[in-house]
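A.B. asks: A single structure is presented below for examination.
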Amino acid sequence: MLFLVPFLSCLPTRTLGDAPEGWQLGFQDPATPVMQGIIDLHHDICFFLVVIATFVLWMLGRTLYHFHKDRNGVPEKIIHGTAIEIGWTVAPSLILVLIAIPSFALLYSMDEVVDPAVTVKAIGHQWYWSYEYSDYNQSDEEGVMFDSYMVPEDDLVDGQLRLLEVDNRVVVPANTHIRVIITGADVLHSWAVPSLGVKCDAVPGRLNEVPIFIQREGTFYGQCSELCGANHAFMPIVVEAVPLKDYISWVSHKLEEI
Ligand code: CUA
């Protein structure tokens, strides 16, 4: 079968969507267990949505049809019925409980902080992000820290995404527990990366925390997701998940620059 290998490379390969596409309707491909959970929950709830919407529309249609004056000239005098009232109160609450169970399970699993190997601090500014890797701080002033600005449209090179590319990406190791702590320097911002299932407010004077575990290598694109002023649309986020050894060499390179 090995002779097939050269031909396989001619087949269209599936690229993972870690950035938005034109006319996209669905989610971006998940890269963390949390995002996978969010997508699964969305699909589970969609099932209830379809069943309920179908039932309500069917009942509405039947009501309009049967209560027409031609078909039902003399209305019934019934004004209430205990059995049906219990039914239409209990049934929806059971559905809500059925939705709530997986929803809370996911919600609490998102808060789970597994002893992180790497901590990244993201700080929102008007209008760019800055990042600090305080694990490697040698003093309060010296450490791995850098600003991350959007690449302007005129400076884009082939393959870079308009309004999404930044000059300095956040590099993190894949398959490692990472803690991102998020704050704002001036006004509210929000650090959001769809593929990672993260959308966390950057609040001045407050430190928010979100754990991520990226299951595959890749480049993940996100945007500031809290209206923060004129250039809100122009402070994107790029997270690059690399193998551990590449991350180590990236960090040591950064440390040499200090
Ligand atoms: Cu920063 Cu919107």
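A.B. asks: Any idea how many residues of segment 218-238 are in contact with an Asp or Glu (Cβ under 9 Å, 6 or more places away or on another chain) and closer than 18 Å to Asp167 by Cα? Please lay out each step first, then the result.
C.D. replies: Quick first cut of segment 218-238, residues in contact with an Asp or Glu (Cβ under 9 Å, 6 or more places away or on another chain) only: 218-221, 225-226, 228-229, 232, 236, 238.
Add one more test, that the residue is closer than 18 Å to Asp167 by Cα, and what stays is 218-221, 232, 236, 238.
Count: 7.
A.B. asks: Identify the single condition in (1) among the charged types (D, E, K, R); (2) within 13 Å of the ligand (Cβ to nearest atom); (3) not in a loop (DSSP other than H, G, I, E, B) that Asp186 does not satisfy, given that it satisfies every other one.
C.D. replies: The single condition Asp186 does not satisfy is (3).
A.B. asks: Considering only segment 202-245, how many residues are more than 15 Å from the ligand (Cβ to nearest atom), outside any loop (DSSP other than H, G, I, E, B), farther than 20 Å from Met35 by Cβ and touching a residue at least 24 places away in the same chain (Cβ under 8 Å)?
C.D. replies: Of the residues in segment 202-245, 1 are more than 15 Å from the ligand (Cβ to nearest atom), outside any loop (DSSP other than H, G, I, E, B), farther than 20 Å from Met35 by Cβ and touching a residue at least 24 places away in the same chain (Cβ under 8 Å).
A.B. asks: Could you look through segment 92-125, keep only residues that are under 23 Å from Phe48 (Cα atoms) and hydroxyl-bearing (Ser, Thr, Tyr), and pick out the one that is farthest from the chain's Cα centre (by Cα)?
C.D. replies: It comes out as Ser93.
A.B. asks: If you go through segment 100-108 one residue at a time, do you hit one that is closer than 30 Å to Phe234 by Cα and either touching a helix residue (DSSP H, G or I) at 6+ places or on another chain (Cβ under 6 Å) or within 16 Å of the ligand (Cβ to nearest atom) (or both)?
C.D. replies: Taking every residue of segment 100-108 in turn, none turns out to be closer than 30 Å to Phe234 by Cα and either touching a helix residue (DSSP H, G or I) at 6+ places or on another chain (Cβ under 6 Å) or within 16 Å of the ligand (Cβ to nearest atom) (or both).
A.B. asks: If you check Leu98, Leu49, which single one turns out to be at pLDDT 95 or above and either β-branched (Val, Ile, Thr) or part of a helix (DSSP H, G or I) (or both)? Even if it seems obvious, please write down each step before you answer.
C.D. replies: Working: Leu98 fails: at pLDDT 95 or above.
Matching residue, one of Leu98, Leu49: Leu49.
A.B. asks: Looking at (1) within 16 Å of the ligand (Cβ to nearest atom); (2) under 18 Å from the mean Cα position of the chain (by Cα); (3) open to solvent by 20 Å² or more (accessible area, probe 1.4 Å), which is the one condition that is false for Tyr128?
C.D. replies: All conditions are met except number (2).
A.B. asks: Of all residues in segment 222-258, how many are of a type in the set (Val, Ile, Thr), under 17 Å from Ser148 (Cβ atoms) and more than 19 Å from the chain's Cα centre (by Cα)?
C.D. replies: Number satisfying all stated conditions: 2.
A.B. asks: For segment 246-257: of the residues being open to solvent by 80 Å² or more (accessible area, probe 1.4 Å) and touching a strand residue (DSSP E or B) at 6+ places or on another chain (Cβ under 9 Å), which is farthest from the ligand (Cβ to nearest atom)?
C.D. replies: My answer is Ile248.
A.B. asks: Among the residues of segment 128-167, what is the count of those that are aromatic (Phe, Trp, Tyr) and closer than 12 Å to Ile237 by Cβ?
C.D. replies: Looking only at that region, the number is 4.
A.B. asks: Quick one: count up the residues across segment 101-125 that are open to solvent by 30 Å² or more (accessible area, probe 1.4 Å), assigned to a helix (DSSP H, G or I) and of a type in the set (A, V, I, L, M, F, W, C).
C.D. replies: Number of matching residues: 5.
A.B. asks: Residues in segment 189-201 that are open to solvent by less than 10 Å² (accessible area, probe 1.4 Å), within 11 Å of the ligand (Cβ to nearest atom) and either closer than 16 Å to Met110 by Cα or under 15 Å from the mean Cα position of the chain (by Cα) (or both): how many?
C.D. replies: So the answer is 3.
The values are calculated or read from the model by the stated rules, or taken from the named source; none is laboratory data. Values in this document were obtained by computation on a predicted structure and should not be read as measured data. Cβ atoms come from the backbone with ideal geometry, glycine included; neighbour counts cover every protein chain shown. Accessible surface areas use protein heavy atoms only, side chains included; no ligands, DNA or RNA. Shrake-Rupley method; radii C 1.70, N 1.55, O 1.52, S 1.80 Å.
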